[in-house]
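Read the figures in this text as sums done on the coordinates, not as results from a lab. Everything numeric here is computed off the predicted structure, so don't read it as measured data. Note that we place each Cβ from the backbone using ideal geometry, even for glycine, and neighbour counts take in every protein chain shown.
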């Protein structure tokens, strides 16, 4: 399998607090890696390091052999190739849905407007939101906004897509519509790194599950081994927090 | 009703000239305040403690002091202290700009910090440059927040120019008083008519500005 993303010995700390410690992770083209772990374990920071939203102190993130470094000029070129969807709805409130989606392809990639519009409309249709294209973000539900945010990242045709707890702020009944869109992307062989708390979803979509705890990778394996027969005590303990039984 | 005095002699022209002086002083001050206020407001968001302390103190002074006290300090006080003979008009421009800049800076600061960090981040994550992020994402949002607030400030500054007659400037209110005084014998009710006309004049100036603000707000409400 051809590797697309390589993280080598990545460490990151905020002041005295070590958030990530010696992370090594390789992602193959078309692979879906799901990162799970308790709150504050560094999952989000790891994603933010991958597209250069955080500075990297130690180690390297390589996209197709090119180093991601927020302080150099090529970071913008790299970000075009790494799409990211955030937990909070981050659509631009002063633009219509269509304008939100078309901004980056027009201004960053300088593509032809008619062509971009056509693609935007096709992608919106695919996530079931054609009728909302001229609406503003505030007129959409949380789940609809997240689907638009996914389309906005997709239209850049990124080589890697990062999802940072995209359903964590949603009402339960809206989680499904967003996860279905991501499942659809997996079926198109998109390379994705997904941070989530939805274990059933992780099990269904992951090619590989990575458990992060206190800034280090504790365990990684295919989803069946991870969920059915975790190797480490930490993984067993983490998974048991999702199980309920009466006494 | 006393309105007839308005049409005596050059009274109406004089009132309009007085309004012109009030407008001139307020508009020049507004222009200065907007430019300086944007610069200071941006400085206030830069998290430099020393700069912040000075600017907060400045804002507090302006808020606490009645504009009239500021006018007296600048017009009478500075003249006595330094011997520099400021014209009443210059003194008014200084005071109104000093006041407007402080308030404008605070509005700009508030608008800037009200934009969540995720707006910058998601824009950059899409590959937009810092400059593009400001031009397409941040500044349009700031303008939408800022315009209704600054229009409120502008109308307040226009109305407050009525104070400058206290340092001898013959603006619209002063002209009105002169007309009333001059016609005390022949039209004892002139006060009502003259002030009603002045009310109308202020309304004609501030009304459209407020209406514009309402229109923009409505348009941006989507």
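Residues in segment A:155-180 that are assigned to a loop (DSSP other than H, G, I, E, B) and under 17 Å from residue A:140 (Cβ atoms) were compared, and the one that is farthest from the other protein chains (Cβ to nearest Cβ) is A:171. If you take the residues of segment B:106-128 that are farther than 19 Å from residue A:73 by Cβ and not in a helix (DSSP H, G or I), which of them is nearest to the other protein chains (Cβ to nearest Cβ)? Ranking the candidates gives B:116 first. You will find that of A:40, A:59, the residue that is without any contact (Cβ under 8 Å) to a residue 24 or more places away in the chain, over 25 Å from residue B:132 (Cβ atoms) and not in a helix (DSSP H, G or I) is A:40 and no other. Evaluate segment A:197-209: report whether one residue or more is without any contact (Cβ under 8 Å) to a residue 40 or more places away in the chain, in contact with a helix residue (DSSP H, G or I) (Cβ under 8 Å, 6 or more places away or on another chain) and under 25 Å from residue B:118 (Cα atoms). Looking through segment A:197-209, at least one residue is without any contact (Cβ under 8 Å) to a residue 40 or more places away in the chain, in contact with a helix residue (DSSP H, G or I) (Cβ under 8 Å, 6 or more places away or on another chain) and under 25 Å from residue B:118 (Cα atoms).
Selection of segment A:192-201 for residues being crowded, with 20+ Cβ neighbours inside 10 Å and within 22 Å of residue A:51 (Cα to Cα) yields A:192, A:193, A:194, A:195, A:196. Quick check: is even one residue across segment B:64-72 out of contact with any helix residue (DSSP H, G or I) (no Cβ under 7 Å at 6 or more places or on another chain), loosely packed, with under 13 Cβ neighbours inside 10 Å and not in a helix (DSSP H, G or I)? Within segment B:64-72, one or more residues are out of contact with any helix residue (DSSP H, G or I) (no Cβ under 7 Å at 6 or more places or on another chain), loosely packed, with under 13 Cβ neighbours inside 10 Å and not in a helix (DSSP H, G or I).
Suppose we filter segment A:110-144 for residues that are within 12 Å of chain B (Cβ to nearest Cβ) and assigned to a helix (DSSP H, G or I); how many remain? Within segment A:110-144, residues that are within 12 Å of chain B (Cβ to nearest Cβ) and assigned to a helix (DSSP H, G or I) number 3. Among the residues that make up segment B:128-150, is at least one of them farther than 30 Å from residue A:45 by Cα and surrounded by 20 or more Cβ atoms within 10 Å (Cβ to Cβ)? Yes.
Yes or no: segment A:95-106 includes at least one residue that is under 23 Å from residue A:191 (Cβ atoms), away from chain B (no Cβ under 13 Å) and either outside any helix (DSSP H, G or I) or without any contact (Cβ under 8 Å) to a residue 40 or more places away in the chain (or both). No, that holds for no residue.
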